[in-house]
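Remarks on the structure that follows.
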Protein chains: 2
Amino acid sequence: MIRPMVVQHATPARKMLAQIRRGITGNEGLASNGARKAKQEENVKAAGRENMKSPICDMLGIEFPLLAFSHCRDVVAAVSRAGGFGVLGATAHTPDTLERELKWIDDHIDGKPYGIDVLIPENISTSGEKNVTWKSLEARVPAEHRKYTSDLLKKYDIELTTTDVTDDRPQPFDAETALELLEVSFNHPIRLIANALGVPPKAMIEMGKRHKVPVAALVGAKEHALRQVAAGVDILVVQGTEAGGHCGEVSTMVLVPEVIKAIKPIRDVPVLAAGGIMTGRQMAACMAMGAAGAWTGSVWLATVESETSEIFREKMIAASSRDAIRSKGRTGKPARQLRSVWTDAWDRAPESPGALPMPLQSIISRDAFNSIDRAAAAGNTRARDLVSYFVGQGVGLIDSVKSAGAVVQEFKEEFAEAVEHMNALVAE
Amino acid sequence: MIRPMVVQHATPARKMLAQIRRGITGNEGLASNGARKAKQEENVKAAGRENMKSPICDMLGIEFPLLAFSHCRDVVAAVSRAGGFGVLGATAHTPDTLERELKWIDDHIDGKPYGIDVLIPENISTSGEKNVTWKSLEARVPAEHRKYTSDLLKKYDIELTTTDVTDDRPQPFDAETALELLEVSFNHPIRLIANALGVPPKAMIEMGKRHKVPVAALVGAKEHALRQVAAGVDILVVQGTEAGGHCGEVSTMVLVPEVIKAIKPIRDVPVLAAGGIMTGRQMAACMAMGAAGAWTGSVWLATVESETSEIFREKMIAASSRDAIRSKGRTGKPARQLRSVWTDAWDRAPESPGALPMPLQSIISRDAFNSIDRAAAAGNTRARDLVSYFVGQGVGLIDSVKSAGAVVQEFKEEFAEAVEHMNALVAE
């Protein structure tokens, strides 16, 4: 009943589609900083000629407006090399470890542009306190929550071990540390800084302006978007509830047009759609609604380069979208993650003491998941039931593990297919 | 920074886009049944020449694959006349009142095709019981729930009155009644029967086959879609969590491609995307992901023809997407509706006795909302805080009340714009 696709003549759009299909995947290494800079400028110019007509491509100097958030430097480099834009999640780093990662990226990204993402929550239970250390927070975790955690793990034959941290290690999601991380990143040719939760602090927006690097911020509601635009962000990442990690309750399908409509009379801020986007067809869908590109995360967890464990990859492939649930069990704020015995224990068990507020719940879950993952990797099959990680509802679309470059190429191909499909729908 | 749209030459797609823009809105009445039938056949043939290349257009004999679910006959007729496809929500009717509605539609739809929707839940607390009457259920509502309701309304100066029902009136969502409604509908030139909750009973699928009328069914999860395909439905309405009314938890952006992928190896069943779709751009987005068309509901609540009260319309215009919440407060099953004092009282109040299972909660809420709406309409401004109705997150995109025909025309225009936008993105 579906009619054959109408064959069209070689229009400009057609040629661009063919280019997208071909892809551009140069990945030769570059020796010096000078060569790197020159290569980046050359790339940006080339992109200006061949890129998709999106303001994001112009702003970031990229060919294809697909942004990839990842904690894994290999993914960041591979995506940028393939014509997208890798964004390194830097939150868990110290300035020293971040410096090492960025150096590695510079050496492997073939002069292509990339960015970094920090996580500076607006509301956190330690707000207003200075120099809060990880150690000091450990002392604040109630005995009841400790016992609940160790009892839970014991039921699955897992010993809860505590990972030593240095005395001066800052708390998770520490705002001061995030700004230090940004300072480190400006010594590298980054093209974007992003804040993953709430309005970026004024200092971050000023840093961006000073270094002429656009500032992006994630929003999960129209009201947040309006505040972000007023605060001066350059790019809005409009993230639906289906996204992995911290998320709101409004879907991508509704939130993207709602935000675009709301900010239009105020200021022309490009919108990246986020939440559930695992394919080029979905990316095309979001751009049909007016997004300037896509911000993706979960899809990179199922790449050969990613940091995820073999067991978690198997669980992702087995999961359907309904297995990615919104829970406070990992960080204390609602974040989408794979449902497991862990999330059930905090969300559903009648005896649950309830998750602690951010950042305390992260203190509990860091040690717990280190213990769980180690036990599962060592062959404790029951530990597997607890294994979990942040992932969006798009997990239901994951059916294999591919290279990050291949994923970018598939996005391009599917995007081209979507455009051709739309044209075929309205053909005579 | 956004570049101007590339002007293209008159391709076939371009001509079709121009046709879509023009719209086809013939609405002359037809005198006889014979003329009606002849006109419908003529329309179907014309549609075959000019319609969008979607299997849904072929199946239903329509020009533009936009399906409009509404409890209001005026909306159904207006949408079909404008080139879409109206679907009358028949659940609340008796066979007699439905006959009257369908007769009216036949007289006002200019021979265009339309369908009806019933609601036969698979799981309901009275499952297995025969001849359950509304009156008998009234006796089953616990005194605690009655008192909670009347106390709540009293706080807002609303008197809870009970609407008389006849002794033989069946329970809400009664499966036998639904089949009787379908029998009535087959005396009219309907082109689709749909079940809004769960797998249609075998009798419904057989009725469809016997009368050569396609059977559609709503699904909110991949697992449900697989069961529906196995049961033999002809069209899947894949509805994301953002939808108004009964809904699951997976978003439209994820569920549509997830279901399309899952059913592909089994059987070629066209998918209508549903949930959050209020504009032609969103419809284009869903079709870019492979949907054969869109199923819409909430957008018709804000039309001049719709059954909604003036006060509810004002509340819709004021609402953002986050005000459309998933609650058991109205029917006993999770259904998305406008948040109000009513939903808070059942979902959030510590003293809430908890919603009763379907169909009992409907017995409570029917009388309560009759009382609330009457009080609000009579000028009780506090009653306004309780006013609510089923509506999806797309409520955040409603900013005015239009005619249903104008909404269809806007969908067509925005769809055309989306296709042109996609082409401009990939133009040289």
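Any read-out appearing in this document is the output of simple, stated calculations on the displayed coordinates, not a laboratory observation. Not measured: the values here are computed from a predicted model. Please note: Cβ atoms are built from the backbone with ideal geometry, for glycine as well, and neighbour counts cover all protein chains shown.
Quick notes on this structure:
- Theoretical gain in end-to-end length, B:K202 to B:V304 [0.36 nm per residue, Cα-Cα removed]: 33.0 nm
- FRET efficiency, A:E410 to B:E50 (Cβ-Cβ, R0 51 Å, nearest 0.05): 0.90
- Amide H contacts for A:S327 (H built 1.01 Å from N in the peptide plane; partners 5 or more residues away or on another chain; cut-off under 5 Å): A:A335, A:R336, A:Q337.
- Cβ neighbours within 10 Å from other chains - mean over A:337-350: 0
- Value of [θ]222 nm, deg cm²/dmol, for the protein assembly as shown, DSSP H segments ≥ 4, -39500 (n - 2.57) each, nearest 500: -13000 deg cm²/dmol
- For region A:107-147, applying the loop criterion from DSSP together with a ceiling of 15 other beta carbons within 10 Å to the GluC sites (Glu not before Pro) yields A:E122, A:E129.
- Restricting region A:193-270 to trypsin sites (Lys or Arg not before Pro) in coil, as DSSP defines it, with at most 12 other Cβ within 10 Å: A:K212, A:R267
- Simple spin-label estimate for A:A230 and A:D96 in nanometres, 7 Å along Cα-Cβ: 4.2
- As a proxy for reagent exposure, A:D107, A:D347, A:D164 were ordered by neighbouring Cβ count within 10 angstrom, fewest first; the result is A:D164, A:D107, A:D347.
- Sorted from nearest, the other copies put their B:A349 label points 3.3 nm away, the label point being 7 Å from Cα in the direction of Cβ.
- The mean sequence separation of alpha-carbon pairs under 8 Å and at least six residues apart, normalised by the residue count of region A:78-184, gives a relative contact order of 37 percent.
- Taking every DSSP beta bridge that has both ends in region B:240-386, the antiparallel portion is near 65%.
- Peptide B:390-396 shows a mean partner chain C-beta count of 4 within 10 Å per residue C-beta.
- Position B:R210: other-copy label points at 7.9 nm, ordered by increasing distance, label point 7 Å along Cα→C-beta.
- Qualifying trypsin sites (Lys or Arg not before Pro) in region B:280-378, where qualification requires a DSSP coil assignment and no more than 14 other C-beta atoms within 10 Å, comprise B:R348.
- Helix B:360-377 and the longest principal axis of the Cα set of chain B meet at an angle near 80°.
- In this structure, B:K147 and A:D107 have a Cβ-Cβ separation that, at R0 = 56 Å, corresponds to a calculated FRET efficiency of about 0.20.
- Inter-chain Cβ neighbour average for residues A:262-268, partner chain, 10 Å: 1
- Distances between copies of B:N370, taken at a point 7 Å out from Cα along the Cα→Cβ vector and listed shortest first: 6.4 nm.
- Of interest is the spacing of the C-alpha centroids, which for region B:301-317 and region B:90-118 amounts to 22 Å.
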